Amino acid sequence: MDAQAPITQDVLTIPRKVPDGLPNLVGMTRDAMHDALIAVGTPEKQAKMRVGQIWQWIYHWGVRDFALMTNLAKEYRAMLAENFVMTVPEVVTRQVSSDGTRKYLVRIAGGHEVEVVYIPETDRGTLCISSQVGCTLTCSFCHTGTQKLVRNLTAAEIIGQVMVARDDLGEWPVQGAPKDETRLLSNIVLMGMGEPLYNFENVRDAMKIAMDPHGIQLSRRRITLSTSGVVPEIARTAQEIGCQLAISFHATTDEVRDKLVPINKRWPIADLLDALRSYPKVSNSERITFEYVMLDGVNDSDADARRLIKLIDGIPAKINLIPFNEWPGASYKRSSNNRIRAFADIIYKAGYASPIRTPRGEDIMAACGQLKSATERARKSKAQIAQEARL
């Protein structure tokens, strides 16, 4: 690795110490739940059936009280309550934007906090979830990147964000009521705090729970994982999760991307694109989304647009153009509307979809790149941020 590359945590991380207390059934894979039930005395011949029953209560009905699991014997429910808990993150604050966007500050084990954002649209409802407390990547345009990494989230804390949002939306089915096919929460994007591929196993397990056909039942095509380019884990994502992939790209030369997305010093553009060319074939994904934040005078020229087209040649792709969402202390400015439209037009004429993302929830600091937990929101000067990002 280049000596000038930023210090980033290794792909293989040391597991976090399991907190004291009873094991949490939320976040366990089916296999892990199976083993846990046997360990507390469930007959092995019954264990698979019990997993199916408990799984449906937790992830289909949204039940977190063993006493309500009425197709289990009272004695068995009492045994479960003695040996397990079913906990999700605690909602500390809930803000609603003028455009309907909801932002939740949720507290997890250890008193740490992360932010979760629900974005309602006419044809879908998207939940933006976090995978880490803080972030290790120090992307210079991102508010979250100015918060140091605290720790990875567990699978329970990741899928728990989805469950908390469904609680607030009142979206769990009601027993005995007619089936309602309307999905207020229809899509998940791993675009909140943290780099998902630096917390691979927990993200994978949580998304497998979200995709399970007997629970929350989201199609893998409804889940998008956004990475800044952790190249060694991209193929693994295709094989073990198979969701849609988005790349936090933002620049067309290594010189500029080194400053905007410092992980580029470790895995430069050419290496990243090589890894991406095989992804749709492995995961059966339709297209890879390239996220491109528009920064005035930095990466928004016509020449940048043309270089971008050449770079992604041969990759089924769409380009999401993101007007920069400003935050206190930011060193950048948003490109003008005319500049963004001109950039989008060049890409569109080359045959690629180039939607311009409408900023959502800016009035509650819930827009892309603005998430940062309140406990860590110490204001930094532009000079401090620039120094930390090596600008």
- Message: What distance in nm lies between label points placed 7 Å from Cα along the C-beta direction at Asp35 and Glu121?
- Response: 3.9
- Can you work out the accessible area per residue across region 220-264, with the rest of the protein chains kept in place, probe 1.4 Å, in square angstrom? 28
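Highest mean first, how do 247-255, 349-357, 301-309 rank when packing is the count of other Cβ atoms within 10 Å averaged over residues?
Output ranking for 247-255, 349-357, 301-309: 247-255, 301-309, 349-357.
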- Task: Work out from phi, with θ = phi - 60° and the Karplus expression 6.51 cos²θ - 1.76 cosθ + 1.60, the ³J(HN,Hα) of each residue of region 111-127, listed in order in whole Hz, and give x for Gly and Pro.
- Result: x, 6, 10, 9, 10, 10, 10, 10, 10, x, 9, 5, 10, 6, x, 10, 10
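Show me the ranking of peptides 259-266, 182-189, 37-44 by mean Cβ neighbours inside 10 Å, starting with the highest.
259-266, 182-189, 37-44
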- By average C-beta atoms within 10 angstrom, highest first, the peptides 203-209, 48-54: 203-209, 48-54
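Hey, got the dipole for region 259-302? About the Cα centre, +1 on K and R Cβ, -1 on D and E Cβ, debye to the nearest 20?
On the way: 6 positive and 7 negative charges, 63 e Å.
Magnitude of the dipole: close to 300 debye.
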- Task: For region 236-280, with all protein chains present and a 1.4 Å probe, just round the carbon and sulfur fraction of the accessible area to a whole percent.
- Result: 44
- Item | Dipole magnitude of region 45-159, debye to nearest 20 (Cβ charges: Lys/Arg +1, Asp/Glu -1, about Cα centre) | 360
- Query: So, in Å, what gap is there between the alpha-carbon centers of region 176-234 and region 28-103?
  - Reply: 19
- Query: Considering only protein heavy atoms, what per residue accessible area in square angstrom results for region 51-160 with a 1.4 angstrom probe?
  - Reply: 37
- Item | Distance (nanometres) between label positions extended 7 Å along Cα→Cβ at Lys74 and Arg183 | 4.0
- Using a simple charge model, +1 on the beta-carbon of Lys and Arg, -1 on the beta-carbon of Asp and Glu, nothing else, what dipole does region 91-183 show about its Cα centre, in debye to the nearest 20? 300
- Query: If you roll a 1.4 Å probe over region 49-199 with all protein chains in place, what percent of the accessible area is carbon or sulfur?
  - Reply: 52
- Task: Putting +1 on Lys and Arg Cβ atoms and -1 on Asp and Glu Cβ atoms, find which of Gln161, Met191, Ala78 reaches farthest to the positive end of the dipole of region 78-191.
- Result: Met191
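The values are calculated or read from the model by the stated rules, or taken from the named source; none is laboratory data. As the structure is a prediction and not an experimental result, all values here were calculated from the model. As a convention, Cβ positions derive from the backbone with ideal geometry for all residues, glycine included, and neighbour counts pool all protein chains shown. For accessibility, only protein heavy atoms count, side chains too; no ligands or nucleic acids. Shrake-Rupley method; radii C 1.70, N 1.55, O 1.52, S 1.80 Å.
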